[in-house]
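The values are calculated or read from the model by the stated rules, or taken from the named source; none is laboratory data. Owing to the predicted nature of the structure, the values given are computational and were not obtained by experimental measurement. A quick note on method: Cβ atoms are made from the backbone with ideal geometry, for glycine too, and the neighbour counts reach across all protein chains shown. When the accessible area is computed, the model is the full protein with side chains, heavy atoms only, and any ligands, DNA or RNA have been set aside. Shrake-Rupley method; radii C 1.70, N 1.55, O 1.52, S 1.80 Å.
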Amino acid sequence: QVQLVESGGGLVQAGGSLRLSCAASGSIFSINTMGWYRQAPGKQRELVATITGGGRRNYADSVKGRFTISRDNAKNTVYLQMNSLKPEDTAVYYCNVEARALGGGYYTYYWGQGTQVTVSS
């Protein structure tokens, strides 16, 4: 199985920055796409950013130019650098990883437990 541990959330004022981390561990054979999603109260979970194994990045329009996703393949870790934060960025942020476990024959999407990001105005 694959476990995801997130860190880096917290409370920040508008205009501030935070960096989220998500480390994958367990019986991992390989990892493809890694990404971040978020869910604000009363809203559906939405994509924030993804990065493929080849390094191709995709961002939601609402975060382009402010957020940067990166990964360290040696550490099976994905990061989300969030700058110029706005109150509307307030949400629970979830890590999502497409991974193949050892002995597994296919890739599965795994979710982290979520980390709260709160941006005050």
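Among 90-98, 39-47, how do they line up from the highest to the lowest mean number of other beta-carbon atoms within 10 Å?
In decreasing order of mean packing, 90-98, 39-47 become 90-98, 39-47.
Based on Cβ point charges of +1 for Lys and Arg and -1 for Asp and Glu, what charge dipole magnitude is obtained for the stretch 33-121 about its Cα centre, in debye rounded to the nearest 20?
Magnitude of the dipole: close to 120 debye.
Assuming R0 = 41 Å, can you tell me the calculated FRET efficiency for the pair Gln13 and Leu102, based on Cβ-Cβ distance, to the nearest 0.05?
0.40
Where Lys and Arg each count +1 and Asp and Glu each count -1, what net charge lies around Ile31 among other residues with Cβ under 15 Å from its Cβ?
+2
Could you check which residue among Arg56, Arg19, Arg38 shows the biggest mean-square fluctuation in a GNM of the chain with a 10 Å Cα cutoff?
Its mean-square fluctuation being the largest, the pick is Arg56.
Expressed as a whole percentage, what fraction of the accessible surface of the chain belongs to carbon and sulfur atoms when a 1.4 Å probe is rolled over the protein heavy atoms?
47 percent
Treat the stretch 3-79 as a sphere of radius equal to its Kirkwood radius over Cα pairs and apply Stokes-Einstein at 20 °C in a medium of 1.002 mPa s; give the translational diffusion coefficient in µm²/s, rounded to a whole number.
For the chosen part, D equals 157 µm²/s.
Roughly how many Å is it from the Cα centre of the stretch 57-121 to that of the stretch 20-52, as a whole number?
So the separation of the two Cα centres works out to 4 Å.
Taking the alpha-carbon distance from Lys64 and a cut-off under 15 Å, which aspartates and glutamates remain once sequence neighbours fewer than 8 residues away in the same chain are dropped?
Straight-distance partners of Lys64: Glu46, Glu88, Asp89.
Averaged per residue, what accessible surface does the chain expose to a 1.4 Å probe, in Å²?
52 Å²
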